[in-house]
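The values are calculated or read from the model by the stated rules, or taken from the named source; none is laboratory data. Just so it is clear, the structure is predicted and the values come from calculations on it, not from any experiment. Here Cβ is always computed from backbone atoms with ideal geometry, including for glycine, and neighbour counts include all displayed protein chains. When the accessible area is computed, the model is the full protein with side chains, heavy atoms only, and any ligands, DNA or RNA have been set aside. Shrake-Rupley method; radii C 1.70, N 1.55, O 1.52, S 1.80 Å.
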Amino acid sequence: MAHLEDDLNQQNHNHYYGVGGLRTIKAFFANYVNFTGKSNRREFWWTTLFETVFLVILLFSAGAIVVQHVLKVINSGHFAKGSGLSDLLGGSVVALIILLVVMIILLLPSLALTIRRFRDAGVSWMVYVALVLIGIASVLIFSNNSAVSSVVTGLVSTAMIIIELLPTKAD
């Protein structure tokens, strides 16, 4: 059985192919820039769950720090009508910078995981690039019509989710 797993891992260019649960966190960072392999649904969705929970906690924490700081500045009376945004946010900028850095760190492995998932579902990575470009173009082209932009972005997101839900395609 272990020999069969090793063959599957080697064939899919992913040492962690098919892991689930907490092992997906290790797989996520071990495959940081692995754009060549495959990742099955279980690996993708467990990682997505952990990443989403982590980012929600981080967003709420950063938001709480920002709100607490803004209320402190407003209640202290140091915020005047001529004060700028930097005066209002002040020390909470550190929390926002940490949030931004974490999101940038997670961007590359998330991109690699999504591309591996597309490949595992039998869909070219170029489809992912095309969908992202369509989403960006809709925001830029329809910037004055948020309804159209929202519909196109929603359709692109739906297409991505459907592809990510597809079962593994045998080669």
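Selection of the range 57-78 for residues being among the β-branched types (Val, Ile, Thr) and open to solvent by less than 60 Å² (accessible area, probe 1.4 Å) yields Val66, Val70, Val73. In the set (1) open to solvent by 40 Å² or more (accessible area, probe 1.4 Å); (2) at pLDDT 85 or above, the condition left unmet by Ala112 is number (1). The residue list Val102, Val127 contains one member that is open to solvent by 20 Å² or more (accessible area, probe 1.4 Å), within 28 Å of Val66 (Cα to Cα), in contact (Cβ under 8 Å) with a residue 12 or more places away in the chain and of a type outside the set (Gly, Ala, Ser), which is Val102.
Taking first residues from the range 143-158 that are closer than 20 Å to Val127 by Cβ and without any contact (Cβ under 8 Å) to a residue 40 or more places away in the chain and partners that are among the hydroxyl-bearing types (Ser, Thr, Tyr) and surrounded by 11 or more Cβ atoms within 10 Å (Cβ to Cβ), the Cβ contacts under 8 Å between residues at least 6 apart in sequence or on separate chains come to Val152/Ser138; Thr153/Ser138; Val156/Ser138. Just give me the residues in the range 32-51 being open to solvent by less than 70 Å² (accessible area, probe 1.4 Å) and either under 15 Å from the mean Cα position of the chain (by Cα) or among the charged types (D, E, K, R) (or both), in sequence order. Within the range 32-51, Lys38, Glu43, Phe44, Thr47, Thr48, Phe50, Glu51 qualify.
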